[in-house]
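Shown next, in structure tokens, is the structure this report addresses.
The numbers here are math on the coordinates, done by the rules we state, and not lab data. This is a predicted model, so every value here is computed, not measured. Note: ideal-geometry Cβ built from the backbone for every residue, glycine included; neighbour counts use all protein chains shown.
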Amino acid sequence: MSAIYQSILHPSEIYSLVKYKLLDEKPEKTRLNHLLNITSRSFARVIQSLDPEIRQAVCIFYLVLRGLDTVEDDMTIPKEEKIPLLRVFHEKIYEKGYCYYGNGPNEKDAVLLHSFDHVIEEFLKLKPKYQKVIADITKRMGNGMADFITKKVETMQDYNLYTHYVAGLVGIGLTELFKESNLEKELDLDQANEMGLFLQKTNILKDFVTDLEEGRLFWPKQVWEQYVNDPKDFVLPENREKALSCLNDLVADALELVPSCLSYMSKLENKSVFHFCAIPQVMAIATLVLFFNNYSVFEKSVKIRRGLAVKLITEITDFEKMKQLYYDYALEINEKARNVDGEYNIGRVTEACANIVRWIRADDQRKQVTRKTTGYVYYILLFMVLAVVFISQ
Ligand code: D9A
């Protein structure tokens, strides 16, 4: 209900909220769907709309990764237990009946690991080609996570490597599932990695306040140390300018990934795969637009309105819509940037936006060329049809 109040000044979002609610189909009540629903409500629905050929594989991939994450995340598990478990997690998914009970009482997804035998049972029913992809990614991710238990994210290089392990590999694994299913072909794995990096870098910005409260921070030291000696100082009013500069720096770093992500998205052929990939991407860009130069990020957890999220979900039906949305968002950031006085790394952000706009214009131009040729083919066909009609009379 509060979602409707939030959107009271945005009537089109209320329309989307109602439409989305009415379209809500109750998924089958399987054990797996139940686990998916308790770990992620909204994403569960996006997975349900995938083509049946890969729906189950993606669902299990998601739950396996979520399980791995629940081990990595839990600070109550001692290192001596956690590190080896992360490194062998890809073997556990072949062990019928395996469950893990070592999570602390406050770990919200612990139930997933308590029922992990169900996930394994379904994993073993998947086609071997899908099992291979899932196990391979789980192995690489688990080992990467284990490496980072004993070392901190300090440099920009660490930050990119860590996000590659926890998110880039997800993009790569999904891309391999799409290819194995023959729903897609010719996708670039570097761009798949960047799809994940873009989502994760946005998440890392989003969680600043909660992470800091829990005594950790994923922002790379190499970036924040240019502004403050201790990241806790960002919340002090006298450091407002420094905080905004650092925030904008990281917003720009994420926005610089957008052209690669657009390029990946432009190659998708299956509608359900397109929709599945597009939703998290458009949520992320909407979040970045909201965060750009926004000091409240340091005061509370800032989120896009539920109405806006739902409007984006229902409206992103094809790539042309996605381009239009990105174009509008890039211009919106530039407009906001023009009204900021002071440095605040505005230049880096507007340059990233300019590159997004350039990518979109170039794609428009490329398509116009193909449009002309298809038009030409169409005239030839029309001529031939008329000729046949004429001759057969
Ligand atoms: C994804 Cl299988 C994620 N992550 C997400 C969700 O989207 C990506 C985890 C497991 C899987 C997929 C995702 C979706 C589509 C295509 C992708 C892709 O690549 C081609 O991953 C790169 O966030 C987690 C990582 C970013 C770490 C990879 C989207 C999601 N949204 C949440 C919203 C939120 O605020 O967390 O999970 C949700 O709807 O609950």
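A compact table of results
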read-out	value
Cα-based reach from LYS336 at 13 Å (exclusive), listing aspartates and glutamates while leaving out same-chain residues under 8 positions away	ASP328
Mean Cβ count within 10 Å, highest first, over the residues of peptides 60-69, 288-297	60-69, 288-297
Ratio Rg/Rh [Cα only; Rh per Kirkwood] for the stretch 26-392	1.02
Pairs beyond 27 Å (Cα-Cα), from LYS92/LYS221; LYS206/LYS271; LYS29/LYS108; LYS79/LYS242	LYS92/LYS221; LYS206/LYS271; LYS79/LYS242
Sequence ranges 204-212, 164-172, ranked by mean other-Cβ count within 10 angstrom, highest first	164-172, 204-212
Percentage of interatomic Cα-Cα distances in the stretch 224-333 larger than 22 Å	40 percent
Inverse of mean 1/r across different Cα pairs in the stretch 177-257, Kirkwood, Å	14.6 Å
Mean Cβ count within 10 Å, highest first, over the residues of peptides 336-342, 15-21	15-21, 336-342
Relative contact order, percent, the stretch 26-392 [alpha-carbon distance under 8 Å, six or more residues apart]	14 percent
Gain on full stretching of the segment that runs from ARG361 to GLN48 - 0.36 nm per residue minus C-alpha separation	109.3 nm
Distance between the stretch 205-228 and the stretch 246-286 - C-alpha centres, whole angstrom	23 Å
